[in-house]
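Below is one structure, written out as C-alpha coordinates, with a few remarks after it.
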Amino acid sequence: MPTAIEFFKLLPKTNCKDCGQPTCLAFAMQLANQKAKIEDCPHVSGETKETLNEASAPPVATITVGVKNKIDMGGETVLYRHERRFNNPIAYAVTVSDSLDDENVLKRIDYIKGLSFNRIGMVFRADMISIRNDSNDAKRFADVCKIVSENWDNPFVLETDSVDAMKAAVDVVGSFRPLLYGAKNDNLKEMIDLAKASKCPLGIKATSLEEAAELSEKTKAEGFDDIILDLGADHIKDLLEEQTIARRAALKKKFKPFGHPLMNKVGSGEGAVVSAVISTLKYGSLVIFDDLHNYEALPLFTLRQNIYTDPQVPIQVKQDLYPINNPDEHSPVMFTTNFSLTYFTVRADIEKSKVPVWLQIVNTEGMSVLTAYAAGKFDPERVADAFEESGVLKKTDGVVIIPGLASRMSGKLQEIIGRDVIVGTNESKHIPKHLRGLLKH
Ligand code: SF4
(Lines give C-alpha, C1' and ligand atoms only; values in the text may rest on other atoms or scores of the structure.)
Protein backbone atom coordinates (compact mmCIF):
# COMPACT_ATOMS: atom_id res chain seq x y z
CA MET A 1 0.00 0.00 0.00
CA PRO A 2 1.54 3.38 -1.00
CA THR A 3 2.18 6.00 1.66
CA ALA A 4 0.30 9.31 1.85
CA ILE A 5 3.26 11.09 0.23
CA GLU A 6 3.35 8.61 -2.66
CA PHE A 7 -0.37 9.18 -3.25
CA PHE A 8 0.12 12.95 -2.92
CA LYS A 9 2.75 13.02 -5.70
CA LEU A 10 0.16 11.72 -8.16
CA LEU A 11 -2.66 14.12 -7.20
CA PRO A 12 -3.28 17.47 -9.04
CA LYS A 13 -2.22 19.53 -5.94
CA THR A 14 -4.75 22.31 -6.58
CA ASN A 15 -6.45 22.02 -3.17
CA CYS A 16 -9.81 22.60 -4.85
CA LYS A 17 -11.73 20.73 -2.08
CA ASP A 18 -14.04 18.95 -4.57
CA CYS A 19 -13.24 15.64 -2.85
CA GLY A 20 -14.59 16.95 0.44
CA GLN A 21 -11.10 17.33 1.95
CA PRO A 22 -9.47 20.70 2.67
CA THR A 23 -6.26 19.88 0.73
CA CYS A 24 -4.82 17.30 -1.65
CA LEU A 25 -2.49 16.17 1.15
CA ALA A 26 -5.44 15.55 3.46
CA PHE A 27 -7.06 13.51 0.68
CA ALA A 28 -3.80 11.56 0.16
CA MET A 29 -3.80 10.71 3.87
CA GLN A 30 -7.38 9.45 3.60
CA LEU A 31 -6.34 7.27 0.64
CA ALA A 32 -3.38 5.84 2.54
CA ASN A 33 -5.70 5.01 5.46
CA GLN A 34 -8.25 3.45 3.08
CA LYS A 35 -10.89 5.94 4.15
CA ALA A 36 -11.37 7.38 0.65
CA LYS A 37 -11.39 6.12 -2.92
CA ILE A 38 -9.43 7.68 -5.77
CA GLU A 39 -12.76 8.15 -7.61
CA ASP A 40 -13.64 10.81 -4.99
CA CYS A 41 -11.22 13.19 -6.73
CA PRO A 42 -12.80 14.12 -10.09
CA HIS A 43 -9.57 15.72 -11.42
CA VAL A 44 -7.15 12.80 -11.76
CA SER A 45 -6.64 11.42 -15.26
CA GLY A 46 -7.79 7.92 -16.23
CA GLU A 47 -4.19 6.75 -16.47
CA THR A 48 -3.28 8.03 -13.00
CA LYS A 49 -6.47 6.51 -11.64
CA GLU A 50 -5.43 3.14 -13.00
CA THR A 51 -1.94 3.44 -11.50
CA LEU A 52 -3.35 4.47 -8.14
CA ASN A 53 -6.03 1.80 -8.13
CA GLU A 54 -3.49 -0.88 -8.91
CA ALA A 55 -1.10 0.39 -6.27
CA SER A 56 -3.81 0.69 -3.63
CA ALA A 57 -5.51 -2.68 -4.29
CA PRO A 58 -5.19 -4.75 -1.12
CA PRO A 59 -2.52 -7.48 -1.49
CA VAL A 60 -5.15 -9.99 -0.40
CA ALA A 61 -8.22 -9.83 -2.65
CA THR A 62 -11.73 -9.64 -1.21
CA ILE A 63 -14.44 -12.12 -2.12
CA THR A 64 -18.11 -11.73 -1.23
CA VAL A 65 -20.31 -14.70 -0.34
CA GLY A 66 -24.09 -14.41 -0.22
CA VAL A 67 -26.52 -11.69 -1.21
CA LYS A 68 -28.62 -11.10 1.89
CA ASN A 69 -26.41 -10.60 4.97
CA LYS A 70 -23.46 -11.10 2.63
CA ILE A 71 -20.01 -11.79 4.06
CA ASP A 72 -16.77 -10.27 2.76
CA MET A 73 -13.64 -12.37 3.14
CA GLY A 74 -9.99 -11.31 2.72
CA GLY A 75 -9.12 -7.71 1.81
CA GLU A 76 -6.36 -7.68 4.43
CA THR A 77 -3.40 -5.33 4.15
CA VAL A 78 -1.28 -6.04 7.23
CA LEU A 79 0.27 -9.03 9.00
CA TYR A 80 -0.34 -7.66 12.48
CA ARG A 81 -3.46 -5.95 13.75
CA HIS A 82 -1.53 -3.14 15.48
CA GLU A 83 -0.04 -2.04 12.12
CA ARG A 84 -3.47 -0.80 11.04
CA ARG A 85 -6.40 -3.15 11.58
CA PHE A 86 -7.83 -6.40 10.23
CA ASN A 87 -10.77 -5.73 7.95
CA ASN A 88 -13.02 -8.75 7.53
CA PRO A 89 -13.58 -11.13 10.46
CA ILE A 90 -13.15 -14.84 9.90
CA ALA A 91 -16.48 -16.61 9.29
CA TYR A 92 -17.48 -19.87 10.98
CA ALA A 93 -19.62 -22.38 9.07
CA VAL A 94 -21.28 -25.52 10.44
CA THR A 95 -22.05 -28.52 8.23
CA VAL A 96 -25.44 -29.86 7.17
CA SER A 97 -25.10 -33.24 5.47
CA ASP A 98 -27.41 -34.08 2.57
CA SER A 99 -27.63 -37.65 3.89
CA LEU A 100 -30.09 -36.39 6.56
CA ASP A 101 -33.80 -36.63 5.81
CA ASP A 102 -35.80 -33.41 5.38
CA GLU A 103 -37.01 -33.33 8.97
CA ASN A 104 -33.50 -33.67 10.35
CA VAL A 105 -32.14 -31.08 7.91
CA LEU A 106 -34.63 -28.60 9.40
CA LYS A 107 -33.67 -29.64 12.96
CA ARG A 108 -30.01 -29.17 12.09
CA ILE A 109 -30.65 -25.68 10.68
CA ASP A 110 -32.48 -24.77 13.91
CA TYR A 111 -29.56 -26.07 15.94
CA ILE A 112 -27.10 -23.93 13.98
CA LYS A 113 -29.36 -20.88 14.39
CA GLY A 114 -29.22 -21.54 18.15
CA LEU A 115 -25.42 -21.01 18.19
CA SER A 116 -25.96 -17.36 19.05
CA PHE A 117 -24.88 -15.22 22.01
CA ASN A 118 -25.23 -11.63 23.14
CA ARG A 119 -21.97 -10.23 24.50
CA ILE A 120 -21.35 -6.59 25.48
CA GLY A 121 -24.15 -5.46 23.24
CA MET A 122 -23.08 -7.51 20.21
CA VAL A 123 -24.72 -10.63 18.84
CA PHE A 124 -22.36 -13.47 17.94
CA ARG A 125 -23.63 -16.31 15.79
CA ALA A 126 -22.55 -19.07 13.45
CA ASP A 127 -22.17 -17.19 10.17
CA MET A 128 -22.72 -19.83 7.53
CA ILE A 129 -24.00 -23.31 6.80
CA SER A 130 -21.89 -25.64 4.69
CA ILE A 131 -24.07 -28.14 2.81
CA ARG A 132 -22.02 -31.30 2.25
CA ASN A 133 -22.78 -33.78 -0.50
CA ASP A 134 -22.42 -37.08 1.42
CA SER A 135 -25.26 -38.78 -0.46
CA ASN A 136 -23.37 -38.81 -3.79
CA ASP A 137 -26.77 -38.00 -5.30
CA ALA A 138 -26.86 -34.73 -7.28
CA LYS A 139 -30.64 -34.34 -6.96
CA ARG A 140 -30.64 -34.91 -3.19
CA PHE A 141 -27.81 -32.37 -2.83
CA ALA A 142 -29.80 -29.77 -4.79
CA ASP A 143 -32.94 -30.53 -2.73
CA VAL A 144 -31.13 -30.02 0.58
CA CYS A 145 -29.56 -26.80 -0.74
CA LYS A 146 -33.07 -25.58 -1.55
CA ILE A 147 -34.30 -26.40 1.98
CA VAL A 148 -31.37 -24.50 3.48
CA SER A 149 -31.97 -21.51 1.20
CA GLU A 150 -35.61 -21.37 2.34
CA ASN A 151 -34.86 -21.62 6.05
CA TRP A 152 -31.53 -19.82 6.54
CA ASP A 153 -31.11 -16.10 5.92
CA ASN A 154 -27.31 -16.03 5.87
CA PRO A 155 -24.78 -17.14 3.23
CA PHE A 156 -23.92 -20.80 2.70
CA VAL A 157 -21.30 -23.09 1.17
CA LEU A 158 -21.95 -25.83 -1.40
CA GLU A 159 -19.42 -28.54 -0.59
CA THR A 160 -18.84 -31.21 -3.21
CA ASP A 161 -16.12 -32.44 -5.57
CA SER A 162 -18.75 -33.69 -7.99
CA VAL A 163 -19.28 -31.35 -10.94
CA ASP A 164 -22.74 -32.86 -11.56
CA ALA A 165 -23.87 -32.29 -7.97
CA MET A 166 -22.44 -28.76 -7.96
CA LYS A 167 -24.20 -27.98 -11.23
CA ALA A 168 -27.54 -29.33 -9.94
CA ALA A 169 -27.22 -27.23 -6.76
CA VAL A 170 -26.11 -24.07 -8.59
CA ASP A 171 -29.13 -24.37 -10.89
CA VAL A 172 -31.38 -24.20 -7.81
CA VAL A 173 -29.58 -21.84 -5.41
CA GLY A 174 -26.91 -20.09 -7.54
CA SER A 175 -28.76 -16.77 -7.23
CA PHE A 176 -27.92 -16.76 -3.48
CA ARG A 177 -24.24 -16.46 -4.44
CA PRO A 178 -23.00 -19.38 -2.32
CA LEU A 179 -19.34 -20.36 -2.08
CA LEU A 180 -18.71 -23.32 -4.43
CA TYR A 181 -16.18 -25.37 -2.50
CA GLY A 182 -14.62 -28.40 -4.13
CA ALA A 183 -12.44 -27.28 -7.07
CA LYS A 184 -9.44 -29.61 -7.30
CA ASN A 185 -6.73 -30.46 -9.79
CA ASP A 186 -8.95 -32.94 -11.64
CA ASN A 187 -12.15 -30.85 -11.89
CA LEU A 188 -10.73 -27.32 -11.92
CA LYS A 189 -11.81 -26.24 -15.42
CA GLU A 190 -15.42 -27.43 -14.98
CA MET A 191 -15.71 -25.82 -11.53
CA ILE A 192 -14.31 -22.52 -12.85
CA ASP A 193 -16.84 -22.59 -15.69
CA LEU A 194 -19.66 -23.14 -13.16
CA ALA A 195 -18.40 -20.33 -10.92
CA LYS A 196 -18.02 -17.97 -13.89
CA ALA A 197 -21.50 -18.74 -15.23
CA SER A 198 -23.19 -18.37 -11.83
CA LYS A 199 -21.00 -15.43 -10.64
CA CYS A 200 -20.29 -17.34 -7.43
CA PRO A 201 -16.94 -17.40 -5.59
CA LEU A 202 -14.95 -20.62 -5.78
CA GLY A 203 -13.19 -22.59 -3.02
CA ILE A 204 -9.97 -24.23 -4.20
CA LYS A 205 -9.14 -27.47 -2.40
CA ALA A 206 -5.39 -28.07 -2.57
CA THR A 207 -3.35 -30.80 -0.90
CA SER A 208 -0.24 -28.69 -0.25
CA LEU A 209 1.07 -25.14 -0.33
CA GLU A 210 2.73 -25.78 -3.70
CA GLU A 211 -0.43 -27.19 -5.24
CA ALA A 212 -2.45 -24.26 -3.90
CA ALA A 213 -0.12 -21.82 -5.70
CA GLU A 214 -0.34 -23.89 -8.90
CA LEU A 215 -4.17 -24.11 -8.84
CA SER A 216 -4.43 -20.41 -8.05
CA GLU A 217 -2.28 -19.57 -11.09
CA LYS A 218 -4.27 -21.90 -13.33
CA THR A 219 -7.53 -20.27 -12.17
CA LYS A 220 -6.12 -16.83 -12.93
CA ALA A 221 -5.05 -18.04 -16.37
CA GLU A 222 -8.70 -19.02 -16.99
CA GLY A 223 -9.67 -15.40 -16.31
CA PHE A 224 -11.21 -16.07 -12.89
CA ASP A 225 -9.95 -14.59 -9.65
CA ASP A 226 -12.82 -14.78 -7.18
CA ILE A 227 -11.32 -17.57 -5.10
CA ILE A 228 -10.56 -18.69 -1.55
CA LEU A 229 -7.74 -21.17 -0.93
CA ASP A 230 -7.79 -24.27 1.25
CA LEU A 231 -4.09 -25.15 1.60
CA GLY A 232 -4.93 -28.72 2.62
CA ALA A 233 -3.15 -28.67 6.01
CA ASP A 234 -4.49 -31.49 8.18
CA HIS A 235 -2.31 -30.93 11.26
CA ILE A 236 -2.33 -27.82 13.44
CA LYS A 237 1.43 -27.33 13.03
CA ASP A 238 1.09 -27.38 9.23
CA LEU A 239 -1.95 -25.14 9.39
CA LEU A 240 -0.09 -22.49 11.39
CA GLU A 241 3.03 -22.76 9.24
CA GLU A 242 1.36 -22.83 5.83
CA GLN A 243 -1.20 -20.08 6.43
CA THR A 244 1.59 -17.86 7.80
CA ILE A 245 3.86 -18.58 4.82
CA ALA A 246 1.03 -17.89 2.35
CA ARG A 247 0.02 -14.61 3.98
CA ARG A 248 3.63 -13.37 4.37
CA ALA A 249 4.28 -14.21 0.71
CA ALA A 250 1.18 -12.24 -0.36
CA LEU A 251 1.90 -9.20 1.80
CA LYS A 252 5.66 -8.96 1.92
CA LYS A 253 6.70 -10.51 -1.41
CA LYS A 254 3.58 -9.51 -3.39
CA PHE A 255 3.25 -13.17 -4.47
CA LYS A 256 -0.06 -12.96 -6.33
CA PRO A 257 -1.08 -16.68 -6.26
CA PHE A 258 -1.44 -16.38 -2.47
CA GLY A 259 -3.17 -12.99 -2.64
CA HIS A 260 -6.50 -14.60 -1.72
CA PRO A 261 -8.43 -15.35 1.46
CA LEU A 262 -7.68 -18.68 3.16
CA MET A 263 -10.04 -21.34 4.50
CA ASN A 264 -9.88 -24.72 6.16
CA LYS A 265 -12.08 -27.58 7.33
CA VAL A 266 -11.57 -28.61 10.92
CA GLY A 267 -13.94 -31.51 11.70
CA SER A 268 -15.35 -31.53 15.23
CA GLY A 269 -14.25 -31.83 18.85
CA GLU A 270 -11.36 -30.28 20.79
CA GLY A 271 -8.84 -30.63 17.95
CA ALA A 272 -11.24 -28.79 15.65
CA VAL A 273 -11.56 -25.90 18.07
CA VAL A 274 -7.76 -25.65 18.39
CA SER A 275 -7.45 -25.56 14.58
CA ALA A 276 -10.17 -22.90 14.42
CA VAL A 277 -8.30 -20.84 17.03
CA ILE A 278 -5.10 -21.07 14.94
CA SER A 279 -7.00 -20.05 11.84
CA THR A 280 -8.63 -17.15 13.68
CA LEU A 281 -5.27 -15.91 14.92
CA LYS A 282 -3.33 -16.59 11.75
CA TYR A 283 -5.02 -15.43 8.65
CA GLY A 284 -8.04 -17.68 8.08
CA SER A 285 -11.17 -16.17 6.50
CA LEU A 286 -13.41 -19.22 6.79
CA VAL A 287 -13.48 -22.32 8.95
CA ILE A 288 -15.94 -25.16 8.33
CA PHE A 289 -16.88 -27.32 11.31
CA ASP A 290 -18.50 -30.75 11.03
CA ASP A 291 -20.09 -29.91 14.36
CA LEU A 292 -19.86 -27.12 16.92
CA HIS A 293 -21.25 -26.90 20.45
CA ASN A 294 -22.28 -23.84 22.45
CA TYR A 295 -19.45 -24.25 24.95
CA GLU A 296 -16.93 -24.33 22.06
CA ALA A 297 -18.54 -21.52 20.11
CA LEU A 298 -18.68 -18.86 22.85
CA PRO A 299 -14.91 -18.69 23.61
CA LEU A 300 -14.12 -18.91 19.89
CA PHE A 301 -16.51 -16.07 18.98
CA THR A 302 -15.08 -14.01 21.85
CA LEU A 303 -11.54 -14.57 20.56
CA ARG A 304 -12.65 -13.43 17.10
CA GLN A 305 -14.18 -10.31 18.58
CA ASN A 306 -10.87 -9.46 20.24
CA ILE A 307 -8.77 -10.08 17.14
CA TYR A 308 -11.06 -8.14 14.81
CA THR A 309 -11.83 -5.19 17.05
CA ASP A 310 -10.23 -2.14 15.47
CA PRO A 311 -7.71 -0.93 18.08
CA GLN A 312 -8.32 2.65 16.91
CA VAL A 313 -12.10 2.54 17.48
CA PRO A 314 -13.59 2.14 20.97
CA ILE A 315 -16.28 -0.49 21.43
CA GLN A 316 -19.67 1.20 21.32
CA VAL A 317 -23.30 0.48 22.06
CA LYS A 318 -26.21 1.76 20.00
CA GLN A 319 -27.75 5.16 20.73
CA ASP A 320 -31.09 4.10 22.20
CA LEU A 321 -33.37 4.23 25.22
CA TYR A 322 -32.76 1.37 27.68
CA PRO A 323 -35.44 0.75 30.35
CA ILE A 324 -33.91 -0.62 33.56
CA ASN A 325 -35.84 -2.10 36.54
CA ASN A 326 -39.23 -1.62 34.78
CA PRO A 327 -39.55 2.19 34.64
CA ASP A 328 -42.97 3.91 34.30
CA GLU A 329 -44.37 7.36 33.43
CA HIS A 330 -42.87 8.97 36.58
CA SER A 331 -39.42 7.33 36.54
CA PRO A 332 -36.29 9.48 36.26
CA VAL A 333 -34.26 9.72 33.06
CA MET A 334 -30.51 9.21 33.20
CA PHE A 335 -28.20 9.55 30.23
CA THR A 336 -24.62 8.80 29.37
CA THR A 337 -22.31 8.18 26.40
CA ASN A 338 -22.21 5.15 24.10
CA PHE A 339 -18.71 4.03 25.16
CA SER A 340 -19.38 0.36 25.94
CA LEU A 341 -17.53 0.30 29.23
CA THR A 342 -19.39 3.40 30.46
CA TYR A 343 -22.75 1.93 29.44
CA PHE A 344 -22.22 -1.43 31.12
CA THR A 345 -20.84 0.13 34.33
CA VAL A 346 -23.71 2.63 34.62
CA ARG A 347 -26.29 0.00 33.73
CA ALA A 348 -24.95 -2.43 36.37
CA ASP A 349 -25.06 0.28 39.07
CA ILE A 350 -28.63 1.30 38.17
CA GLU A 351 -29.68 -2.36 38.28
CA LYS A 352 -28.04 -2.66 41.70
CA SER A 353 -30.09 0.30 43.00
CA LYS A 354 -33.38 -1.49 42.10
CA VAL A 355 -34.78 1.97 41.24
CA PRO A 356 -36.67 2.05 37.90
CA VAL A 357 -34.83 4.32 35.45
CA TRP A 358 -34.97 5.22 31.76
CA LEU A 359 -31.35 5.19 30.57
CA GLN A 360 -30.76 7.22 27.42
CA ILE A 361 -27.55 6.41 25.53
CA VAL A 362 -26.15 9.25 23.43
CA ASN A 363 -23.89 8.58 20.44
CA THR A 364 -20.51 10.15 21.25
CA GLU A 365 -18.55 7.93 18.85
CA GLY A 366 -17.49 5.66 21.67
CA MET A 367 -15.93 8.34 23.90
CA SER A 368 -16.31 8.36 27.67
CA VAL A 369 -18.15 11.24 29.41
CA LEU A 370 -15.22 13.58 30.10
CA THR A 371 -13.47 12.99 26.78
CA ALA A 372 -16.70 13.41 24.81
CA TYR A 373 -17.60 16.56 26.75
CA ALA A 374 -14.13 18.05 26.12
CA ALA A 375 -14.31 17.10 22.42
CA GLY A 376 -17.73 18.74 21.99
CA LYS A 377 -19.40 15.38 21.25
CA PHE A 378 -21.54 15.42 24.41
CA ASP A 379 -23.36 18.73 24.38
CA PRO A 380 -26.92 19.77 25.31
CA GLU A 381 -28.10 19.81 21.67
CA ARG A 382 -26.87 16.26 21.02
CA VAL A 383 -28.49 15.01 24.25
CA ALA A 384 -31.77 16.80 23.40
CA ASP A 385 -31.69 15.23 19.90
CA ALA A 386 -31.28 11.77 21.44
CA PHE A 387 -34.24 12.46 23.78
CA GLU A 388 -36.30 13.59 20.79
CA GLU A 389 -35.38 10.50 18.77
CA SER A 390 -36.32 8.05 21.55
CA GLY A 391 -39.35 10.05 22.75
CA VAL A 392 -38.31 9.48 26.37
CA LEU A 393 -39.68 12.81 27.62
CA LYS A 394 -43.12 11.75 26.38
CA LYS A 395 -42.87 8.42 28.20
CA THR A 396 -42.17 9.93 31.63
CA ASP A 397 -42.54 13.19 33.57
CA GLY A 398 -39.65 12.22 35.87
CA VAL A 399 -36.57 14.37 36.45
CA VAL A 400 -33.58 14.23 34.17
CA ILE A 401 -30.29 13.33 35.87
CA ILE A 402 -27.13 14.59 34.22
CA PRO A 403 -23.78 12.81 34.79
CA GLY A 404 -21.82 14.79 37.41
CA LEU A 405 -18.78 15.10 35.11
CA ALA A 406 -20.93 16.97 32.54
CA SER A 407 -22.78 19.11 35.10
CA ARG A 408 -21.68 22.35 33.40
CA MET A 409 -24.21 21.84 30.64
CA SER A 410 -27.16 21.27 32.99
CA GLY A 411 -28.54 24.85 32.67
CA LYS A 412 -28.48 24.84 28.86
CA LEU A 413 -30.00 21.37 28.70
CA GLN A 414 -32.81 22.38 31.09
CA GLU A 415 -33.52 25.36 28.85
CA ILE A 416 -33.68 23.27 25.65
CA ILE A 417 -35.79 20.39 26.95
CA GLY A 418 -37.97 22.41 29.39
CA ARG A 419 -37.61 19.82 32.13
CA ASP A 420 -35.90 19.89 35.55
CA VAL A 421 -32.33 18.64 35.32
CA ILE A 422 -30.51 17.58 38.46
CA VAL A 423 -26.84 16.78 38.76
CA GLY A 424 -25.93 13.14 39.32
CA THR A 425 -22.77 11.54 40.65
CA ASN A 426 -19.26 11.89 39.28
CA GLU A 427 -18.63 8.20 39.68
CA SER A 428 -20.90 5.38 38.61
CA LYS A 429 -20.40 3.43 41.87
CA HIS A 430 -22.28 6.16 43.78
CA ILE A 431 -25.39 5.87 41.57
CA PRO A 432 -27.31 3.38 43.80
CA LYS A 433 -27.03 5.62 46.89
CA HIS A 434 -27.95 8.70 44.87
CA LEU A 435 -31.01 7.08 43.28
CA ARG A 436 -32.27 5.66 46.60
CA GLY A 437 -31.80 9.13 48.14
CA LEU A 438 -33.95 10.64 45.36
CA LEU A 439 -36.77 8.19 46.11
CA LYS A 440 -37.00 9.41 49.71
CA HIS A 441 -37.73 13.00 48.58
FE1 SF4 B 1 -6.93 17.77 -4.52
FE2 SF4 B 1 -8.54 16.29 -6.09
FE3 SF4 B 1 -9.29 16.87 -3.60
FE4 SF4 B 1 -9.20 18.79 -5.46
S5 SF4 B 1 -10.56 17.00 -5.45
S6 SF4 B 1 -8.44 18.89 -3.31
S7 SF4 B 1 -7.47 18.14 -6.67
S8 SF4 B 1 -7.54 15.65 -4.21
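The values are calculated or read from the model by the stated rules, or taken from the named source; none is laboratory data. Note that the structure is predicted; figures quoted are calculated from it, not measured. All Cβ positions, glycine included, derive from the backbone under ideal geometry; neighbour counts span all protein chains shown.
Identify the single condition in (1) over 15 Å from the mean Cα position of the chain (by Cα); (2) crowded, with 19+ Cβ neighbours inside 10 Å; (3) touching a residue at least 24 places away in the same chain (Cβ under 8 Å) that residue 4 does not satisfy, given that it satisfies every other one.
Looking at each condition in turn, residue 4 falls short on (2).
Here is a check on your reading of the model: is residue 290 touching a Ser or Thr at 6+ places or on another chain (Cβ under 8 Å) and among the charged types (D, E, K, R)? Reasoning before the result, please.
Details: touching a Ser or Thr at 6+ places or on another chain (Cβ under 8 Å): yes; among the charged types (D, E, K, R): yes.
When the stated conditions are applied, residue 290 passes them.
Condition check: out of contact with any Cys (no Cβ under 9 Å at 6 or more places or on another chain), among the charged types (D, E, K, R) and modelled with pLDDT under 95. Does residue 377 satisfy that? Steps first, answer last, please.
Numbers: out of contact with any Cys (no Cβ under 9 Å at 6 or more places or on another chain): yes; among the charged types (D, E, K, R): yes; modelled with pLDDT under 95: yes.
It is true that residue 377 is out of contact with any Cys (no Cβ under 9 Å at 6 or more places or on another chain), among the charged types (D, E, K, R) and modelled with pLDDT under 95.
Would you point out which residue out of 213, 250, 197, 276 is farther than 26 Å from residue 297 by Cα and in contact (Cβ under 8 Å) with a residue 60 or more places away in the chain?
Numbers: 213 fails: in contact (Cβ under 8 Å) with a residue 60 or more places away in the chain; 197 fails: in contact (Cβ under 8 Å) with a residue 60 or more places away in the chain; 276 fails: farther than 26 Å from residue 297 by Cα.
Testing whether each residue is farther than 26 Å from residue 297 by Cα and in contact (Cβ under 8 Å) with a residue 60 or more places away in the chain leaves just 250.
Considering only the range 95-144, state which residues are exposed (fewer than 14 other Cβ atoms within 10 Å of the Cβ) and at positive phi.
Passing the criteria: 120, 136.
Residues being more than 7 Å from the ligand (Cβ to nearest atom) and in a loop (DSSP other than H, G, I, E, B): count how many of those fall in the range 8-31. Explain how you work it out, then say what you get.
Keep residues of the range 8-31 that are more than 7 Å from the ligand (Cβ to nearest atom), which gives 8-10, 20, 22, 25-26, 28-31.
If we keep only those that are in a loop (DSSP other than H, G, I, E, B) too, we end up with 20, 22.
The total comes to 2.
Of all residues in the range 68-79, count the ones that are at pLDDT below 95, closer than 27 Å to residue 130 by Cα and either surrounded by fewer than 19 Cβ atoms within 10 Å (Cβ to Cβ) or not assigned by TED's automatic domain parsing to the domain that holds residue 284 (or both).
The number of residues fulfilling the criteria is 2.
Within the range 284-304, restricting attention to residues that are among the hydroxyl-bearing types (Ser, Thr, Tyr) and surrounded by fewer than 24 Cβ atoms within 10 Å (Cβ to Cβ), which residue is farthest from residue 179 (Cα to Cα)?
Out of the qualifying residues, it is 295.
From the list 99, 116, which one is touching a Ser or Thr at 6+ places or on another chain (Cβ under 6 Å), more than 20 Å from residue 34 (Cα to Cα) and hydroxyl-bearing (Ser, Thr, Tyr)? Give the derivation first.
Numbers: 116 fails: touching a Ser or Thr at 6+ places or on another chain (Cβ under 6 Å).
The conditions single out 99.
Which of (1) surrounded by fewer than 16 Cβ atoms within 10 Å (Cβ to Cβ); (2) within 22 Å of residue 313 (Cα to Cα); (3) not aliphatic (A, V, I, L, M) is the odd one out, the single condition residue 337 does not satisfy?
Tallying (1) surrounded by fewer than 16 Cβ atoms within 10 Å (Cβ to Cβ); (2) within 22 Å of residue 313 (Cα to Cα); (3) not aliphatic (A, V, I, L, M), residue 337 fails exactly one: (1).
Pick from 43, 82: which is farther than 20 Å from residue 230 by Cα, surrounded by fewer than 18 Cβ atoms within 10 Å (Cβ to Cβ) and in the same structural domain as residue 303 (by TED's automatic domain parsing)? Please lay out each step first, then the result.
Details: 43 fails: in the same structural domain as residue 303 (by TED's automatic domain parsing).
Step by step, each of 43, 82 is checked, and only 82 is farther than 20 Å from residue 230 by Cα, surrounded by fewer than 18 Cβ atoms within 10 Å (Cβ to Cβ) and in the same structural domain as residue 303 (by TED's automatic domain parsing).
Go through the range 66-84 and report how many residues are over 21 Å from residue 123 (Cβ atoms), out of contact with any Leu (no Cβ under 6 Å at 6 or more places or on another chain) and in a loop (DSSP other than H, G, I, E, B). Before you say what the answer is, go through the steps one by one.
First, the residues of the range 66-84 that are over 21 Å from residue 123 (Cβ atoms): 74-84.
With the extra rule that they be out of contact with any Leu (no Cβ under 6 Å at 6 or more places or on another chain), the set shrinks to 74-78, 80-84.
Adding the requirement that they be in a loop (DSSP other than H, G, I, E, B) leaves 75-78, 80, 84.
So the count comes out to 6.
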